[in-house]
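**Student:** Take this structure, written in structure tokens, and hold onto it; I'll ask about it next.
The values are calculated or read from the model by the stated rules, or taken from the named source; none is laboratory data. No experiment lies behind these values; they were computed from the predicted model shown. Positions of Cβ are backbone-derived with ideal geometry, glycine not excepted, and every protein chain shown enters the neighbour counts. What goes into the accessible areas is simple: the full protein's heavy atoms, side chains included, and nothing from ligands, DNA or RNA. Shrake-Rupley method; radii C 1.70, N 1.55, O 1.52, S 1.80 Å.
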Amino acid sequence: MKSLTKLALLSLCVASGSLLAEVKRYPLPDNSTFPIANAVEVNKLVFESGKVPAPKDPKAAKGSVEFWGNTEEQTLSVLSQIESSLKQKGLGMGDVIKMTVFLVGDPALGGKMDFAGFMKGYTQYFGTKEQPALPARSAVQIAGLVAEGMLVEIEVIAARP
């Protein structure tokens, strides 16, 4: 029975053309050799890889708040990168339909995520008069990110109009 169900599903996918979908992969900028795509587009949906903040002050001690910034500053850095990446693909923040936010617990808050700091940055890009389109969104606290002191990573899915 399971193989009959799989065959029916496969037939439906072929008939709808979903298996014939064009997949476009966008490379990371600056000829990076890191083994992920910047984004992948399938059937007018653009899946942006997670973005992390750029250093706020590269001269500060690595891993410090001065180096990366606080949660709000990191959120603004990440959203700016997402906006730029989408713009390169002919899209904007209003095209974002799903967002997943990963927040590391802030040592200054006893290890709890700074959701208020995240929201201060988020609301500069979403729910504004200029850009009222809101994405579906999840925000979760995680144990850590790729570099000490990073507090924010965001990935989005955008829909091409």
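**Student:** Take every Cα pair under 8 Å in the chain that's 6+ residues apart, average their separations, divide by the length, and report that relative contact order as a whole percent.
**Tutor:** Relative contact order here is 27 percent.
**Student:** Now, a different point. Using a 1.4 Å probe on the protein heavy atoms, what percent of the accessible area of the chain belongs to carbon and sulfur? Walk me through the numbers before you get to the answer.
**Tutor:** Details: 5880 of 9780 Å².
C and S atoms contribute 60 percent here.
**Student:** Here's something else I'd like to know. Quick check: from the Cα gyration tensor, does the range 14-153 come out rounded (a/c under 1.5), prolate or oblate?
**Tutor:** prolate
**Student:** Which residues make up the longest stretch of the chain that has no GluC sites (Glu not before Pro) in a DSSP loop with at most 12 other Cβ atoms within 10 Å?
**Tutor:** 23-129
**Student:** Any idea what angle helix 2-16 forms with the longest principal axis of the chain, computed on alpha-carbon atoms, 0 to 90 degrees, nearest 10?
**Tutor:** 90
**Student:** Using modelled amide H (1.01 Å from N, peptide plane; none on Pro or chain starts), what sits under 5 Å from the amide H of Asp106, excluding residues fewer than 5 places away?
**Tutor:** So Asp106 has HN proximity to Gly111, Lys112, Met113, Asp114.
**Student:** Also, I was wondering about something else. Can you list which of the trypsin sites (Lys or Arg not before Pro) found in the range 70-161 are DSSP loop residues with at most 15 other C-beta atoms within 10 Å?
**Tutor:** Working: sites: Lys87, Lys89, Lys98, Lys112, Lys120, Lys129, Arg137; in loops: Lys89, Lys129.
Qualifying residues, ordered by number: Lys129.
**Student:** So how many Lys-Lys pairs in the range 29-106 land under 20 Å Cα to Cα, not counting same-chain pairs under 8 apart?
**Tutor:** Total qualifying Lys-Lys pairs in the range 29-106 comes to 9.
**Student:** Identify, among Val52, Pro161, Leu91, the residue whose Cα sits farthest towards the positive end of the charge dipole of the chain, taking +1 on the Cβ of Lys and Arg and -1 on the Cβ of Asp and Glu, with the dipole about the Cα centre.
**Tutor:** Pro161
**Student:** From the phi angles alone, apply the Karplus equation (6.51, -1.76, 1.60; θ = phi - 60°) to the range 47-57 and give each ³J(HN,Hα) in whole Hz, x where the residue is Gly or Pro.
**Tutor:** Per residue, the Karplus-derived 3J(HN,Hα) values read 9, 7, 5, x, 10, 10, x, 7, x, 6, 9 Hz.
**Student:** Skipping prolines and chain starts, which residues have an amide H placed within reach, meaning under 5 Å, of the one on Ser49, given they are 5 or more residues away or on another chain?
**Tutor:** Ala39, Val40
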